[in-house]
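S.K.: This is the structure, below, for whatever I ask next.
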Amino acid sequence: MAALRCFLRSGKGAVSVLLRRELHATAPASAQVMVRDALNQAMDEELERDERVFLLGEEVAQYDGAYKVSRGLWKKYGDKRIIDTPITEVMCDSVLAPPPQAGLRPICEFMTFNFSMQAIDQVINSAAKTYYMSAGLQPVPIVFRGPNGASAGVAAQHSQCFAAWYGHCPGLKVISPWSAEDCKGLLKSAIRDDNPVVFLENELMYGVPFEMSEEAQSKDFTIPIGKAKIERPGSHITLVSHSRFVGHCLDAAAVLAKEGIECEVINLRTIRPLDVECIEGSVMKTNHLVTVEGGWPQFGVGAEICARIMEGPAFNYLDAPAVRVTGVDIPMPYAKILEDNSIPQIKDIIFSVKKTLNV
């Protein structure tokens, strides 16, 4: 309106001057940031903040990372802080045993968590148990990070979700972020934590842009480990998910809202420790629960959530049985049409919501 009044009084030139002044006076409150860039920012800021932090992994240095998450870090910090390893996950993890005991804080990138099984002894028997077995005298500040879960067209040996695997093990903290803000804030918290942290990213999310608030762009921004986030408030049913499938839940919620069904969407962000309090509070409000994940159904994250709800105070608030939406209980097929039918789709979430609500 001010610009319009200026145009009416003083002509087009005055409008241009006014608009230039307003543009210079108002700083942008948010910015579009891709997930890979948010992860890169987090590591860059922590490498700069603490000289004990270093990154190690396959092709993370001169090649800038297989997914370009470590782009520019080798040129900035050099060979001593950004270290290329041979293509062998066993070696990657084995060399990480001494550094934490010397006070260093390594970040280990797996090119895919499917191959972290090669290093399972170091992750589970060494990293996860040392802090406890030393009665808290020997912290183990290691972050294991990289892409997890199904990608596209990479078949069975590259498509497994390890959230339930690592979430099963005491001594580890397990993070499964969705948005760019999640990735930056939680990775910074993981690097600063004295416990070993498994940081499960998603390959299909690396190039997805998200709005990041001015606060999230700050070097001091962190997100506490173990706190879920309500991405969309609702009153009829609770959808609980993590990683890429949070977006699927939000898309399903948008469709269902047009039919008068309001879904509350919870982004877990952390698998272990699990924010049961947040889930219980939502279920007590909506009286219905659907969990959504890309992993297999048996002993999965959704199964754990359902068990916690059944064992806790929220069980008496349920008006219908809790329902799980999961990946199909088979190794991932290669063919695209079979792949699409092996992981949850938005239509599957909508169907499960309507089934639970009996509409």
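S.K.: Could you please state how large a percent of the accessible area of the chain is carbon and sulfur, counting protein chains only and using a 1.4 Å probe?
M.R.: After summing per-atom areas, the C and S share lands at 56 percent.
S.K.: Hey, for a label at Val359 modelled as a point 7 Å past Cα toward Cβ, could you say which residues of region 251-279 have their backbone N under 14 Å away?
M.R.: Residues passing the 14 Å test: 252-264.
S.K.: Here is a follow-up. For the cross-link pairs Lys258/Lys336; Lys129/Lys229; Lys129/Lys173; Lys229/Lys285; Lys173/Lys229, which exceed 20 Å when the distance is taken from alpha carbon to alpha carbon?
M.R.: Listed pairs above 20 Å: Lys258/Lys336; Lys129/Lys229.
S.K.: Further, regarding this structure: Given charges of +1 on the Cβ of Lys and Arg and -1 on the Cβ of Asp and Glu, with all other atoms neutral, how large is the dipole of the chain about its Cα centre, in debye to the nearest 20?
M.R.: Dipole magnitude for the chain comes out near 1060 debye.
S.K.: A further question on this structure: Rounded if a/c is under 1.5, else prolate if a/b beats b/c, else oblate: with a ≥ b ≥ c from the C-alpha gyration tensor eigenvalues square-rooted, which is region 174-283?
M.R.: Here region 174-283 falls in the prolate category.
S.K.: Run the reach check for Lys355 against lysines, Cα to Cα strictly under 16 Å, same-chain hits fewer than 8 apart removed. What comes back?
M.R.: Once the sequence-local lysines are set aside, what remains near Lys355 is Lys347.
S.K.: Right, something else. Express in whole angstrom the spacing between the alpha-carbon centres of region 265-311 and region 197-243.
M.R.: Going from one Cα centre to the other spans 16 Å.
S.K.: When the Karplus curve 6.51 cos²θ - 1.76 cosθ + 1.60 is applied with θ = phi - 60°, which whole-Hz ³J(HN,Hα) does each residue of region 64-74 get, with x for Gly and Pro?
M.R.: Whole-Hz 3J(HN,Hα) from phi for region 64-74: 6, x, 4, 10, 6, 6, 9, 4, x, 6, 5.
S.K.: Using the reciprocal of the averaged 1/r over all distinct C-alpha pairs, how large is the Kirkwood radius of region 229-357 in Å?
M.R.: 14.5
S.K.: Another question, then. Less than 13 Å Cβ to Cβ from His158, Lys/Arg counted +1 and Asp/Glu -1: what total charge do the surrounding residues give?
M.R.: Result for the neighbourhood of His158: -2.
S.K.: Would you list, by chain and number, the lysines whose Cα falls below 16 Å from the Cα of Lys76, excluding same-chain residues fewer than 8 positions away?
M.R.: Partners found: Lys68.
S.K.: Using the crude model of +1 on Lys and Arg Cβ and -1 on Asp and Glu Cβ, and no other charge, please compute the dipole size for region 31-217 relative to its Cα centre, in debye to 20.
M.R.: 300
S.K.: Let me ask something additional. Calculate how many DSSP beta bridges within the chain are antiparallel, expressed in % of all such bridges and rounded to the nearest 5.
M.R.: 25
S.K.: Simple spin-label model, 7 Å along Cα-to-Cβ: Ile330 to Glu51 in nm?
M.R.: Going from the Ile330 label point to the Glu51 one covers 5.6 nm.
S.K.: Give me the one-decimal nm value for the distance between modelled label points at Asp84 and Phe299, 7 Å along each residue's Cα-to-Cβ direction.
M.R.: For Asp84 paired with Phe299, the spin-label model returns 3.9 nm.
S.K.: How many angstrom separate the Cα center of region 121-190 from the Cα center of region 312-359?
M.R.: Value for the Cα centre distance between the two parts: 25 Å.
S.K.: For the chain, what relative contact order do you get, as a whole percent, if you take Cα pairs closer than 8 Å and at least 6 residues apart?
M.R.: 15
S.K.: Rolling a 1.4 Å sphere over the protein heavy atoms, what is the accessible area per residue of the chain, to the nearest Å²?
M.R.: Accessible area per residue: 47 Å².
S.K.: Please work out the ratio of the alpha-carbon Rg of region 31-217 to 2.2 N^0.38 Å and round it to two decimals.
M.R.: In units of the globular-protein estimate, region 31-217 measures up at 0.96.
S.K.: Give the label of the value calculated from the structure for Cα extents along the principal axes in Å, choosing from [x] 75, 52, 44; [y] 62, 40, 37; [z] 75, 57, 44.
M.R.: This structure yields the entry labelled [z].
S.K.: Label Val276 and Met133 with points 7 Å out from Cα along Cα→Cβ: what is the distance between them in nm?
M.R.: Output for this residue pair reads 2.8 nm.
S.K.: Taking only C-alpha pairs under 8 Å that are 6+ residues apart, what is the relative contact order of region 31-217 in percent?
M.R.: Relative contact order of region 31-217: 27 percent.
S.K.: Given the DSSP H assignment, sum -39500 (n - 2.57) over each helix run of at least 4 residues in the chain and divide by its residue total; what's the result at 222 nm in deg cm²/dmol, nearest 500?
M.R.: Helix-only estimate at 222 nm: -10000 deg cm²/dmol.
S.K.: Could you point to the residue in Gly72, Cys278, Gln32 farthest towards the positive end of the chain's charge dipole, with +1 and -1 charges on the Cβ of Lys/Arg and Asp/Glu respectively?
M.R.: Gln32
S.K.: Something else now. Quick one: what do you get for region 110-223 if you divide its Cα Rg by 2.2 N^0.38 Å?
M.R.: 1.13
S.K.: May I pose another question? Mind telling me which of Lys219, Lys80, Lys68 comes out most flexible in a GNM of the chain, alpha-carbon contacts under 10 Å?
M.R.: Looking only at Lys219, Lys80, Lys68, the largest GNM fluctuation is found for Lys80.
S.K.: What is the list of residues in region 143-160 whose amide nitrogen lies under 19 Å from a point 7 angstrom out from the Cα of Met117, following Cα to Cβ?
M.R.: Residues 145-160 fall inside that zone.
The values are calculated or read from the model by the stated rules, or taken from the named source; none is laboratory data. Since this is a predicted model, take the numbers as computed values, not measurements. Using ideal geometry, Cβ is built from the backbone for each residue, glycine included, and neighbour counts are taken over all protein chains shown. Surface areas here come from the heavy atoms of the whole protein model, side chains and all, with no ligands, DNA or RNA. Shrake-Rupley method; radii C 1.70, N 1.55, O 1.52, S 1.80 Å.
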